[in-house]
Amino acid sequence: MSKLINSYEIELNPPPSGKSGLWTVSARLKDDIAEVLPYLNAELKGADYDHNAQVLMWKTKERRYMFRPREISASRIEDREEGAKVAQKIVDDVNRIWERRSEIKPNFEQRKLPTVIDIYKLLPKTNCKECGYLTCMAFANDLREAQATISQCPYLSAENKDKLLQLFG
Ligand code: SF4
């Protein structure tokens, strides 16, 4: 049986400018994986899926993953070697789930991701750049895309931090 993902290219994305920290790895896919997303939604516990937007987010203890039709990305990467290993593992996992799809009931249920505006509303809106982003809006955008983490903003009130955590489940 042919694999769903046959080849991909690795891209490492640095932490925001001026910040040290962990990188994000993206596997740029030659194959379109939109069809597997409802199966991933069924199999990956706690995944957030937006069927219309064709994006699925999944969080484990170690990192956050984002799946789009031609891209899988993972956060909290130390270096290129770790990025390559993490990308290969998640690609293998997706291929395995695709191979077993006849045994899986696809889940089209959406748990819609918060909008950038929903997230922005909870940020301090001072554009202080402490998180490494030029604006709170840019930070909100990357939080939604799992390219940033809530802890990067040191000025969040405890209340809004809790609300943000709830937004992301
Ligand atoms: S650290 Fe917080 S307040 Fe400052 S720019 Fe980033 S998100 Fe906005």
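The values are calculated or read from the model by the stated rules, or taken from the named source; none is laboratory data. Small disclaimer: the values here were computed from a predicted structure and weren't measured. Here the Cβ is made from the backbone with ideal geometry for all residues, glycine too, and neighbour counts use every protein chain on show.
Conditions (1) in a loop (DSSP other than H, G, I, E, B); (2) near the ligand (Cβ under 9 Å from one of its atoms); (3) modelled with pLDDT under 95, marked per residue:
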{"residue": "Val86", "(1), (2), (3)": "no, no, no"}
{"residue": "Val91", "(1), (2), (3)": "no, no, no"}
{"residue": "Pro106", "(1), (2), (3)": "yes, no, no"}
{"residue": "Gly132", "(1), (2), (3)": "yes, yes, yes"}
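Of the residues Arg76, Arg70, which is over 26 Å from Gln166 (Cα atoms), within 14 Å of the chain's Cα centre (by Cα) and in the same structural domain as Ser26 (by TED's automatic domain parsing)?
Arg70
Would you confirm whether any residue within the range 27-44 is surrounded by fewer than 21 Cβ atoms within 10 Å (Cβ to Cβ), without any contact (Cβ under 8 Å) to a residue 60 or more places away in the chain and within 30 Å of Gly132 (Cβ to Cβ)?
yes
Any chance the range 143-156 includes a residue that's out of contact with any Gly (no Cβ under 7 Å at 6 or more places or on another chain), without any contact (Cβ under 8 Å) to a residue 60 or more places away in the chain, within 14 Å of the ligand (Cβ to nearest atom) and within 30 Å of Glu35 (Cα to Cα)?
Within the range 143-156, one or more residues are out of contact with any Gly (no Cβ under 7 Å at 6 or more places or on another chain), without any contact (Cβ under 8 Å) to a residue 60 or more places away in the chain, within 14 Å of the ligand (Cβ to nearest atom) and within 30 Å of Glu35 (Cα to Cα).
Residues to consider are Leu123, Leu156, Leu113, Leu164; find the one that is more than 23 Å from Lys30 (Cβ to Cβ) and part of a helix (DSSP H, G or I).
After ruling out the rest, the residue left standing is Leu164.
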